[in-house]
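Here is the structure we will look at, set down as C-alpha cells.
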Amino acid sequence: MPRNPSTGVYSKPAGTTPSVGQVIDPVPWNALTTDLGNEITNSLPRDGSAPMVAPLKAASGTVSAPGVGFASNPQTGMYLKGGGLLGFTQNGVDVSFDQAMIYAAKAGDYTALASDNNAIHRFTAAAIVTLTAAATLGANWHYTVIADGADVTIDPNGAETVDGAATLIVPNGYSAFLICSGSAFFSNKLMTKILSKADSSAVGTFIDGVLLSNNSGSPNTHVDFAAGSVRSGSSFVSNAASITKRINGTWAVGTGNGGLDAGAVAANATYFAYALRKTADGTFDVVLSTSATIAGVTTTLLTGYTIVKCIGVVLTDAGSLIRPFIMNPRDDYTYVTPVKDAVSAAISTTSALLAITVPNGVKSKAKLRIQFTSSATTNAALIHDPAQGTLTAGIGNDGGISGAIQVASNYAIGSSDIWTNTSKQVRQVAGAAGNIWVWTDGFHFPCGRNA
C-alpha cells in the first residue's frame with residue numbers, strides 16, 4: 001500500500017521508474033497498476049455517486065478559512081475551535097448554536113451547575129436555587145426556572161447578583177429566564193417588573209384573604225392565617241399557603257412558632273396581628289402585639305422584617321386562652337359563644353359608660369343584644385356611640401333600642417351594632433331606672449378587606 005495512511009501521500013512502488021531501452025519488469029508494473037486501481041476506487045467520487053466508508057478527516061481551519069467550506073463561498077462552513085469544539089462560520093463570522101434543551105422537575109433546593117446550560121427546571125415545591133459562581137458557568141450560560149407549587153428563590157454565589165439584587169423571587173405560577181455574563185446574572189426582567197409593580201405605592205392598600213381562625217388542633221393557643229396578600233402603601237407581601245402562630249410564645253420565624261412581639265400572653269387582652277415581609281426574599285410571616293399601631297410594636301425580634309399592615313385581631317379570655325371566634329367577610333368577627341357583658345346591671349337616666357368585650361385601643365362596631373326591664377311603664381333603654389356625646393332615652397328625646405310595652409316590670413329586647421370608643425366602651429342610659437342585660441355577639445374591626 002504505497003499511500004501513507006497518516007498523511008495520504010502516494011508513493012510509487014520501487015522498480016516502476018524505467019529508463020530508455022530498459023526491459024520492463026512486469027512484477028512491479030503490475031503492482032503499480034493494481035495500486036492505482038485500488039486508490040482510484042478508494043477515492044471519493046466528485047459526483048457523489050458513492051459515500052465515504054470511514055470518517056472524513058478535514059483540516060482544522062479557522063473562522064475565516066473553515067476546514068470544510070464551499071467552492072462558491074470558502075468562508076462559509078465548519079472549522080475546529082480550540083478545545084476540540086466545532087465551530088460554524090458564515091462569510092467569516094462565527095455562528096453559535098445552542099446545546100440541546102434539558103427539562104427536569106425538582107421538589108426542593110437545588111444548585112444550578114455548568115451542565116444545566118439551557119436547562120428548564122420546574123419546581124413543584126418551595127425551593128432555593130443556588131447558582132454556581134458566574135466565572136465557572138461562563139458568559140452565555142442560561143437557565144429557566146418555573147415555579148409550579150410555591151415561590152422559588154434564586155440565590156447567586158457569594159456577593160454576586162441577579163438583576164443587581166442579592167436574590168430574585170419567582171412567585172408561584174411564574175417563570176424566569178436567566179443568563180450569565182461571566183461575572184453576574186440577569187433575568188428577562190419579567191419578575192423584576194412584577195415585583196416592582198407589586199411594590200408600587202400607586203396600587204393602593206388592601207387585604208386579600210389572610211382570614212384568621214382558631215387552629216383546629218390547638219384552638220386555645222394557636223391562630224391560623226389563611227393564604228392571601230397584603231398591601232400598605234409601597235409595601236406588599238403574600239403567602240401561598242396558610243401559616244399558624246402561637247399566642248403563648250415570643251415571636252420566631254415560621255409557621256407553628258411563637259407570635260408575640262414581647263412578654264407573655266395575658267388574660268382578657270387584645271392582640272393585633274400584623275403581616276410581616278422579610279426584606280431579603282419577600283416571604284410572609286405574622287407578629288402579634290398588644291399595640292394598636294405599628295409604631296408601638298416591639299421590633300427587637302423582627303430584624304430583617306418590615307411590618308406591612310394590621311390584618312386582624314385576637315382576644316383572650318380570663319384564662320389567657322384565645323376566645324373562640326369565626327371571622328366573616330369584610331373584617332367581621334362572631335364569637336362562638338356570646339359574651340354576657342352585663343347581667344341585671346342597673347341603668348337609669350344618668351348616662352354611663354359600659355365596658356364590653358371588643359378590641360382594646362381602637363374603635364370597633366360591637367354587635368350587641370340587650371334585654372331590659374323596669375318597674376316604670378313605657379320606659380326605654382338606649383345604648384349608643386360615646387362619640388355622640390350624652391344622649392337622653394325616650395320617645396320624646398333620643399329614642400332607644402328596647403322598651404317595656406306598657407307593662408311595669410315587663411321585659412323587652414333589642415339589638416344593634418354600636419361603635420365603641422378606644423377603651424372598648426359604649427354609653428347607656430334609660431328613661432327611668434331599670435336593669436339591663438347585654439350580650440356581645442362579636443364586632444367589626446375594619447382592616448381593609450373588601451370581601
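Of these, Ala241, Ala227, Ala252, which one is free of Cβ contacts under 8 Å to residues at least 24 places away in the same chain and either touching a helix residue (DSSP H, G or I) at 6+ places or on another chain (Cβ under 8 Å) or among the hydrophobic types (A, V, I, L, M, F, W, C) (or both)?
Criteria check complete, one pass: Ala227.
Being of a type in the set (S, T, N, Q) and either modelled with pLDDT of 95 or more or more than 17 Å from the chain's Cα centre (by Cα) (or both) narrows it down to one residue among Ser175, Ser196, Ser183; which is it?
Values: Ser175 fails: either modelled with pLDDT of 95 or more or more than 17 Å from the chain's Cα centre (by Cα) (or both); Ser196 fails: either modelled with pLDDT of 95 or more or more than 17 Å from the chain's Cα centre (by Cα) (or both).
Matching residue, one of Ser175, Ser196, Ser183: Ser183.
If you scan the stretch 74-95, which residues turn out to be touching a residue at least 24 places away in the same chain (Cβ under 8 Å) and assigned to a loop (DSSP other than H, G, I, E, B)? Explain how you work it out, then say what you get.
Taking the stretch 74-95 first, the residues touching a residue at least 24 places away in the same chain (Cβ under 8 Å) are 87, 89, 92-94.
Passing the criteria: only Gly92.
When the stretch 97-119 is examined, which residues are found to be touching a residue at least 12 places away in the same chain (Cβ under 8 Å) and either exposed (fewer than 10 other Cβ atoms within 10 Å of the Cβ) or aliphatic (A, V, I, L, M) (or both)? The answer is Asp98, Gln99, Ala100, Met101, Ile102, Ala104, Ala105, Ala107, Ala112, Leu113, Ala114, Ala119. Check whether at least one residue in the stretch 123-138 is closer than 12 Å to Gly182 by Cα and among the aromatic types (Phe, Trp, Tyr), and report yes or no. No, because not a single residue in the stretch 123-138 is closer than 12 Å to Gly182 by Cα and among the aromatic types (Phe, Trp, Tyr). A Cβ distance below 7 Å, combined with a sequence gap of six or more or placement on separate chains, defines the contacts here; from the stretch 170-184, residues that are part of a strand (DSSP E or B) reach residues that are of a type in the set (Asp, Glu) in the pairs Val170/Asp151.
So which strands (runs of 3 or more DSSP E) are wholly in the stretch 229-300 and hold at least 2 residues that are at pLDDT 95 or above and either over 23 Å from the mean Cα position of the chain (by Cα) or crowded, with 20+ Cβ neighbours inside 10 Å (or both)?
Working: elements: 235-239, 243-250, 257-260, 270-278, 284-289.
Correct list: 243-250, 257-260, 270-278, 284-289.
Looking across the stretch 36-94 at every residue that is closer than 20 Å to Val9 by Cα and among the polar types (S, T, N, Q), the one that is nearest to the chain's Cα centre (by Cα) is identified as Ser60. Filter the stretch 301-322 down to the residues that are free of Cβ contacts under 8 Å to residues at least 40 places away in the same chain and assigned to a loop (DSSP other than H, G, I, E, B), then identify the one that is nearest to Ala266 (Cα to Cα). Here the answer is Thr303.
Looking at Gly82, Gly21, Gly67, which one is surrounded by 10 or more Cβ atoms within 10 Å (Cβ to Cβ) and either among the small types (Gly, Ala, Ser) or in contact with a Phe, Trp or Tyr (Cβ under 9 Å, 6 or more places away or on another chain) (or both)? Outline the logic, then answer.
Working: Gly82 fails: surrounded by 10 or more Cβ atoms within 10 Å (Cβ to Cβ); Gly21 fails: surrounded by 10 or more Cβ atoms within 10 Å (Cβ to Cβ).
So the residue among Gly82, Gly21, Gly67 that is surrounded by 10 or more Cβ atoms within 10 Å (Cβ to Cβ) and either among the small types (Gly, Ala, Ser) or in contact with a Phe, Trp or Tyr (Cβ under 9 Å, 6 or more places away or on another chain) (or both) is Gly67.
Among the candidates Thr337, Thr390, which residue alone is loosely packed, with under 14 Cβ neighbours inside 10 Å, free of Cβ contacts under 8 Å to residues at least 40 places away in the same chain, closer than 22 Å to Phe225 by Cα and out of contact with any strand residue (DSSP E or B) (no Cβ under 6 Å at 6 or more places or on another chain)? Can you show your working first?
On the way: Thr390 fails: closer than 22 Å to Phe225 by Cα.
Thr337 is the lone residue from the list that is loosely packed, with under 14 Cβ neighbours inside 10 Å, free of Cβ contacts under 8 Å to residues at least 40 places away in the same chain, closer than 22 Å to Phe225 by Cα and out of contact with any strand residue (DSSP E or B) (no Cβ under 6 Å at 6 or more places or on another chain).
The values are calculated or read from the model by the stated rules, or taken from the named source; none is laboratory data. In this text, all values refer to a predicted model and were calculated from it rather than measured experimentally. Cβ coordinates were reconstructed from backbone atoms using ideal geometry, including for glycine residues, and neighbour counts include every protein chain displayed.
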